[in-house]
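Everything on this sheet refers to the single structure shown next.
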Amino acid sequence: MEGAKKILYSAVQPTNNLTIGNYIGTLRGWRELQENYDALFAVANMHAITVRQDPAELRARTLSLAALFLACGVDPDKSIVYVQSHVKEHAELCWVLNTFAYVGEMERMTQFKDKSAKHTENINMGLMDYPVLMAADILLYQTDLVPVGLDQRQHLEIARDIAQRFNNIYSPTFKVPEGLFLKVGAKINDLTDPSKKMSKSAENPNGSVFLSDDRDTVIRKFKRAVTDSGSEIKYDPSEKPGVSNLLEIYCAFTGKNISEAEAEFSGLGYGEFKLAVGEIVADKLAPIQGEWKRLLDDRAYLDGVLAAGRDKAAGLARRTLSKVYRKIGFYDIKG
Ligand code: TYM
């Protein structure tokens, strides 16, 4: 990082299987964004443990997610790819920022409320602290831009608030980051229930298309996707949520805009439309899956990428953290 470009930061949790929602909402943009920004992409394994994980699976998914970043076009010579827990400054800054975050506002976070309702047996402090750790991730690197899906908007707002609070009490210390939300695809919905977000942990696996799904599975899931009454293939999220969701997916995978897609499918039936969307998704996923598998067979290479990423990230993180410690008055031993 030479410092001339603006800084971009994003992360994904290594939980369950990633869906095309994760891909469309954020991952697919990374290849291009890294050309214009100094980018950091993290595997957020510290966030993942806010919901109980199987240790062996968490370990495996961490490496697999790093490989997926690269398979999606992240170039480790251009961007920093690392695992969150490898850079201890995340936990350290999180602790400081905890004293700038209010219990009331954390309790009001939509994701906290949803996850508490889903995991009633384990409403742990980490779950509530999740947005503060996310703020620490972002603020440690003096991030300008955070490309995420719409479900992370609230967390990004909190990160901005925390940065501003700290800056106001001390002096400008953190860059106040902006979110980058796509016009099309910032919220991809469940194929069986388009009123819900497509999720890695959906109860009905037919509603989520996973990045690891094979061609037949992808096409089968699209064929079964819920459409709406009427027969027109038109983008209208409130009246036609199923069709609109499929159009967004189609556009995300083809690079076409909504009106081009509507024109292409005009006069066709829902069956043909759903098949066409399924086929294009399967076609586009195939090379990513091939590269993903190839990378996963090269553990030594991946470890090398992650070690280099850790070192670069830690250097940058230390700079911000030292500044923070100085400003809040943590005693530093001389020499
Ligand atoms: P996570 O792992 O839940 O999701 C990863 C990314 O995918 C986006 N996303 C979606 N986009 C469109 N449609 C959907 N159905 C959909 N589902 C998920 C998410 O918005 C996200 O961009 N808290 C983050 C991880 C994180 C992070 C960070 C992100 C930790 N620290 C710092 C940015 C900056 C999360 O849980 O993402």
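Bear in mind that the values in this text are calculations on the coordinates, not laboratory data. This structure is a prediction, so every number in the text was calculated from the model and none was measured. Glycine gets a Cβ as well: all are built from the backbone with ideal geometry, and neighbour counts include every protein chain shown.
Put simply, when 4-10, 53-59 are sorted by average Cβ atoms within 10 angstrom per residue, most first, you get 4-10, 53-59. The peptide list 230-236, 208-214, 167-173, put in order of mean Cβ contacts within 10 Å with the highest first, becomes 208-214, 230-236, 167-173.
Go ahead and collect, in residue order, the members of the stretch 271-301 whose backbone nitrogen is under 20 Å from a label point 7 Å along the Cα-Cβ direction of SER231. Once the point is set 7 Å along Cα→Cβ of SER231, 271-277 turn out to lie under 20 Å by backbone N, inside the stretch 271-301.
Distances over 14 Å make up what percent of all Cα-Cα pairs in the stretch 179-226? Of all Cα-Cα pairs in the stretch 179-226, 52 percent lie more than 14 Å apart. Report, in listed order, any pair from LYS196/LYS323; LYS187/LYS223; LYS183/LYS327; LYS6/LYS274; LYS88/LYS284; LYS175/LYS293 with a Cα-Cα distance greater than 31 Å. Checking Cα-Cα distances, LYS196/LYS323; LYS183/LYS327; LYS6/LYS274; LYS88/LYS284; LYS175/LYS293 exceed 31 Å. The calculated FRET efficiency for the pair VAL176 and GLU203, based on their C-beta separation and a Förster distance of 45 Å, comes to about 0.75. Taking other residues whose beta carbon is less than 11 angstrom from the beta carbon of VAL87, and scoring Lys, Arg as +1 and Asp, Glu as -1, yields 0.
Taking every DSSP bridge with both residues inside the chain, close to 15 percent are antiparallel. With Rh defined as the Kirkwood radius, the inverse of the mean 1/r over Cα pairs, the Rg/Rh of the stretch 192-335 is 1.22. Using the Cα centre of the stretch 228-316 as origin and beta-carbon charges of +1 (Lys, Arg) and -1 (Asp, Glu), tell me which of GLY304, LEU246, GLY278 is placed farthest towards the positive end of the dipole. Comparing the listed Cα positions along the dipole, GLY304 ranks first.
Placing dummy labels 7 Å off each Cα toward the beta-carbon, the span from ARG220 to ASP114 is 2.7 nm. Largest first, the three principal axis extents of the alpha carbons in the chain are 75, 45, 41 Å in whole numbers.
Ranked by the mean number of other Cβ atoms within 10 Å per residue, highest first, peptides 132-139, 266-273, 66-73 order as 132-139, 66-73, 266-273. The per residue volume of the convex hull around the alpha-carbon atoms of the stretch 78-149 is 126 Å³. For ASP190, nonlocal amide neighbours, meaning residues 5 or more places apart or on other chains whose placed amide H falls under 5 Å from its own, are LYS196, LYS197, MET198.
Report the FRET efficiency, 1/(1 + (r/R0)^6), for GLU264 and LYS293, where r is their Cβ-Cβ distance and R0 is 25 Å, rounded to 0.05. It comes out at approximately 0.20. Relative to one another, the C-alpha centroids of the stretch 156-224 and the stretch 289-335 are positioned 24 Å apart. Determine, from the Cβ-Cβ distance of THR99 and GLU32 and an R0 of 41 Å, the FRET efficiency 1/(1 + (r/R0)^6), rounded to the nearest 0.05. Given R0 = 41 Å and the Cβ-Cβ separation, E is 0.60.
When the Gaussian network model of the chain links Cα atoms closer than 10 Å, the mean-square fluctuations of ASP297, ASP190, ASP283 top out at ASP297. Helical content of the chain, expressed as a calculated mean residue ellipticity at 222 nm, amounts to -16500 deg cm²/dmol (DSSP H runs of 4 or more residues, -39,500 (n - 2.57) each, divided by residue number, nearest 500). Rounded to the nearest Hz, the phi-derived 3J(HN,Hα) couplings of the stretch 39-50 under the Karplus curve 6.51 cos²θ - 1.76 cosθ + 1.60 (θ = phi - 60°) are 10, 10, 10, 10, 8, 8, 6, 6, 5, 4, 6, 5, where x marks glycine and proline.
Note on the stretch 239-335: with charges restricted to the Cβ of Lys and Arg (+1) and Asp and Glu (-1), its dipole about the Cα centre is near 1200 debye. What you get for the chain, charging only the Cβ of Lys and Arg (+1) and of Asp and Glu (-1), is a dipole of about 860 debye around the Cα centre. Among the trypsin sites (Lys or Arg not before Pro) found in the stretch 136-224, those both in a DSSP coil and sparsely packed, with 10 or fewer other Cβ atoms within 10 Å of their Cβ, are LYS183.
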